[in-house]
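The values are calculated or read from the model by the stated rules, or taken from the named source; none is laboratory data. Given the structure is predicted, the values throughout are model-derived calculations rather than measurements. Backbone-built Cβ (ideal geometry, glycine too); neighbour counts: all protein chains shown.
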Amino acid sequence: MQEFFQLVVSGIATGGIFASLALALVLIYNAMGLVNFAQGEMAMFATFVAYELIIRGVSFWIAFPVTLVLAFGGGIAIQRIVIRPVERAPVLTLVIITLGLATTINGLAGFLFGYVPASFPSPFSVRTIDVLGVYVGYQDLGVIAVTAVVLLAVYLLLEHTTVGLTLRAAAFHPEASRLLGVHVSWMLALGWGLASAVGAVSGILVAPVLLLDPDMMQSIIIYAFAAAVLGGIESPLGAVVGGLVVGVTINLAGAYIPHVGGDLQLAVGLAIIIAVLILKPNGLFGRAAVRRV
Amino acid sequence: MIERLRTAPPRYWLVGLVVLFFLGFPTVISSFLASEWSQALVLAIAIMGLNILVGYSGQLSLGHGAFIALGAYTSAIIVHHFKVDYLLTIPIAGILTGVVGFLFGVPALRLSALYLALATFALAVVTPSLIKRPTELTGGVQGILIAQPDPPQFASNVYSTITGSAMTSEQWIYYVTLFCALLLFWLAWNLLRHRPGRAMRAIRDSEVAAAASGVNIAGYKTLAFGISAFYAGVAGSLFGLGIGFVSPDAFPVGLSIQLLVGTVIGGLASIPGPLLGAIFAYFLPIYASQWAPNQTWLPAQITATVKNAGPAVSYGVILILVMIFAPNGIVGLVTRGYGALSRRLRGAGDRETGHVPPDPQTV
């Protein structure tokens, strides 16, 4: 039983990582109805930037916010340069472009930082503490705390500031917002910047657990897809809940379902995606899709 | 007969020339190059299949590498366990993969384009670890070796009478692949200019309008999935034959992306597009990774990184540029250039006779 609770706690920590990447996907989906296949690679690139800062002697707690600001700028730059020319293109075009972006960023990271896996220093101690008989790692607690702060910050930004309101308005009804003086295209860029920064959090938090290399996020993005789909791809709250559920599920599945083990955990992610899409395509918190003829 | 040949449209001549080129090509190049070109043709078959799905029926699959893997493993396992002639397993692999694709198309009906892309992408990422698991069947991480067949008597006789040299097994595999490619391209051409092709395009352009005109939406969408997977299965079987083994790492996500790159760069919804796209998508990474080692002025360490990163970066950048500036790919560019040229020529001719050139939209 104790093992079970330990798995749940570490599952929540992993789930928090998935949740921030899933939230990044949701932000871009809400802004322009697109799943950004490059989200994981963007996070990986930001993590490499943080790594380069840290090995040059910058402390983790300074490198972390600096990287987020850089990722924010990078997200805006990508939207301005690559996405803006095709803002109104069909979904097919946009998906292919984000895939091209993912491939490019992956190759670029390999070119700039190399393909040798690097171990990313963890800011948290490796010790564990005893909470009601369950041993919880500081690493897990730290990840949960950082994710909670970031998610709360995004929530406050979206729901309680003018910028957040404009952002949501531009996504919800571009024409009306434009008539009311909102610069819709720049709001999209802002959405990309925000998503890029939130996604970077997941990369930086997951890097100490995995090893840092250009393919690091390839499996994480699948879990983030599963989380976003499970929560309903347009719901930020759903992304968080979905992330936690996926994190705990794959942890428990790896331990308790025979034959699953480490390498087939990814298949559990795929199974979640397919099951949700077939049984409940709107996810837990999504609105039912209405097709207008 | 002569009359028919004389009045045949120029593109039939073009097709004839291309076929002659591909028939004669391996007699003048090395066996190694012949095997590279047969892999390019394998890619062309798979891309033709993906083009039927994406270009004609408008369903986006990012996981066609999984179908290729299924085809390749079907052939390899049958040959390994039952010792049949490899060539006999090619249609079996195609049909089995086609049936699986057809069944996959049924749940896909419920998904929007975006969700379908997402689910198939996840499938492509998971494929290698799914293959590794049933070790007795698939050979696990090691995979299965495939013996490359020697050319049969009749083929080597014909070959040596024409060229005067013996046929290698790479050249035989090339001709087998070419035969399959010609057959499948001819099939696709016939399929797509008749009822099924029209139905698929109608669905792609407007599902509501197609349904109102009596097109069986669900039927044609799953049919497109089945046919597309059939092509991928045949391609997979030939892929295994060409490289001489199957292993989980031969089917990474990159393979699915390579297929998509080929489809898009060649030109969506066109018949010559997949061939051009495949040649491009196959040889671009090879040349991108060979470029750096040939540059002697670069330090060795940079050379190694560029060699690794070159294919990914050039793929990604070209994919983005093509989507932004030439969404119809190479074929789209050629058609546009040809249209502009013929309008200019026609315009010049008409100035002498005083005729107004007909509006291209109404012809």
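Within region A:136-157, one or more residues are touching a Phe, Trp or Tyr at 6+ places or on another chain (Cβ under 8 Å), of a type in the set (Val, Ile, Thr) and away from chain B (no Cβ under 14 Å).
Every residue, every condition in (1) at pLDDT 90 or above; (2) touching a Phe, Trp or Tyr at 6+ places or on another chain (Cβ under 8 Å); (3) within 22 Å of B:ASN51 (Cβ to Cβ); (4) buried (at least 20 other Cβ atoms within 10 Å of the Cβ), yes or no:
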| site | (1), (2), (3), (4) |
| --- | --- |
| B:VAL158 | no, no, no, no |
| B:GLN171 | no, yes, no, yes |
| B:ASN190 | yes, no, yes, no |
| B:MET200 | yes, yes, yes, yes |
| B:ALA210 | yes, no, yes, yes |
| B:GLY219 | yes, no, yes, no |
| B:ALA232 | yes, yes, yes, yes |
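The single residue among A:ALA89, A:ALA46, A:ALA102 that is within 9 Å of another protein chain (Cβ to nearest Cβ) and assigned to a helix (DSSP H, G or I) turns out to be A:ALA102.
Scanning region A:278-289 finds no residues that are under 17 Å from B:VAL125 (Cβ atoms) and surrounded by 19 or more Cβ atoms within 10 Å (Cβ to Cβ).
Each residue in region A:225-263 was checked for being part of a helix (DSSP H, G or I), free of Cβ contacts under 8 Å to residues at least 24 places away in the same chain and surrounded by fewer than 17 Cβ atoms within 10 Å (Cβ to Cβ), and 1 of them qualify. Scanning region A:144-157 for residues that are under 16 Å from A:ALA22 (Cα atoms) and either crowded, with 17+ Cβ neighbours inside 10 Å or in contact with a Gly (Cβ under 7 Å, 6 or more places away or on another chain) (or both) yields A:ILE144, A:VAL146, A:THR147, A:VAL150, A:LEU151, A:VAL154.
Applying the condition of being of a type in the set (Phe, Trp, Tyr) and part of a helix (DSSP H, G or I) to region A:105-116 and asking which residue is nearest to B:LEU62 (Cα to Cα) yields A:PHE111.
Among the residues of region A:63-86, what is the count of those that are away from chain B (no Cβ under 12 Å) and either touching a residue at least 12 places away in the same chain (Cβ under 8 Å) or in contact with a helix residue (DSSP H, G or I) (Cβ under 8 Å, 6 or more places away or on another chain) (or both)?
Step one: filter region A:63-86 for residues away from chain B (no Cβ under 12 Å), giving A:63-77, A:79-80.
Still in the running and either touching a residue at least 12 places away in the same chain (Cβ under 8 Å) or in contact with a helix residue (DSSP H, G or I) (Cβ under 8 Å, 6 or more places away or on another chain) (or both): A:63-64, A:66-76, A:79-80.
Selection size over region A:63-86: 15.
Looking at B:ARG204, B:ARG193, which one is within 14 Å of another protein chain (Cβ to nearest Cβ) and within 30 Å of B:ALA40 (Cβ to Cβ)? First the steps, then the outcome.
On the way: B:ARG193 fails: within 14 Å of another protein chain (Cβ to nearest Cβ).
The match here is B:ARG204.
Within region B:312-326, the set of residues being assigned to a helix (DSSP H, G or I) and more than 7 Å from chain A (Cβ to nearest Cβ) comprises B:SER314, B:ILE318, B:LEU321, B:VAL322, B:PHE325. When B:SER165 is tested against (1) over 23 Å from A:ILE273 (Cα atoms); (2) modelled with pLDDT of 85 or more, just one condition goes unmet, and that condition is (2). Taking region B:105-137 as the range and being under 17 Å from B:GLU207 (Cβ atoms), assigned to a helix (DSSP H, G or I) and more than 9 Å from chain A (Cβ to nearest Cβ) as the test, the residues that pass are B:GLY105, B:VAL106, B:ALA108.
Selection of helices (runs of 4 or more DSSP H) fully inside region B:1-52 by the criterion of at least 2 residues being touching an Asp or Glu at 6+ places or on another chain (Cβ under 9 Å) returns B:31-51.
Among the residues of region A:186-195, is there at least one that is of a type outside the set (A, V, I, L, M), touching a residue at least 24 places away in the same chain (Cβ under 8 Å) and farther than 17 Å from A:VAL163 by Cα? Among the residues of region A:186-195, not one is of a type outside the set (A, V, I, L, M), touching a residue at least 24 places away in the same chain (Cβ under 8 Å) and farther than 17 Å from A:VAL163 by Cα, which makes the answer no.
Filtering region A:108-117 down to residues that are in contact (Cβ under 8 Å) with a residue 12 or more places away in the chain and of a type outside the set (Val, Ile, Thr), which residue is farthest from the other protein chains (Cβ to nearest Cβ)?
A:PRO117
Conditions (1) surrounded by fewer than 24 Cβ atoms within 10 Å (Cβ to Cβ); (2) touching a Lys or Arg at 6+ places or on another chain (Cβ under 8 Å); (3) under 22 Å from B:ALA309 (Cβ atoms), marked per residue:
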site	(1), (2), (3)
A:LEU7	yes, no, no
A:THR47	no, no, yes
A:ALA71	no, no, yes
A:ALA77	yes, no, yes
A:ARG80	yes, no, no
A:VAL91	yes, no, no
A:LEU99	no, no, yes
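Of the residues making up region B:71-89, those that are in contact (Cβ under 8 Å) with a residue 24 or more places away in the chain, surrounded by fewer than 24 Cβ atoms within 10 Å (Cβ to Cβ) and hydrophobic (A, V, I, L, M, F, W, C) are B:ILE77, B:VAL79, B:LEU87.
Right, B:VAL331: at pLDDT 85 or above and more than 14 Å from chain A (Cβ to nearest Cβ) or not?
On the way: at pLDDT 85 or above: yes; more than 14 Å from chain A (Cβ to nearest Cβ): yes.
Taking the combined requirement at face value, the residue satisfies it.
Pairs linking a residue in region A:118-134 that is more than 24 Å from A:THR47 (Cα to Cα) to a residue that is of a type in the set (Gly, Ala, Ser), with Cβ atoms under 7 Å and 6 or more positions apart or on different chains, are A:THR128/A:GLY137.
For region A:147-157, the criterion of being of a type outside the set (A, V, I, L, M, F, W, C) and over 22 Å from the mean Cα position of the chain (by Cα) is satisfied by no residue at all.
When A:LEU7, A:LEU23 are checked against the criterion of being of a type in the set (A, V, I, L, M), in contact (Cβ under 8 Å) with a residue 12 or more places away in the chain, under 24 Å from B:ALA113 (Cβ atoms) and in a helix (DSSP H, G or I), a single residue qualifies: A:LEU23.
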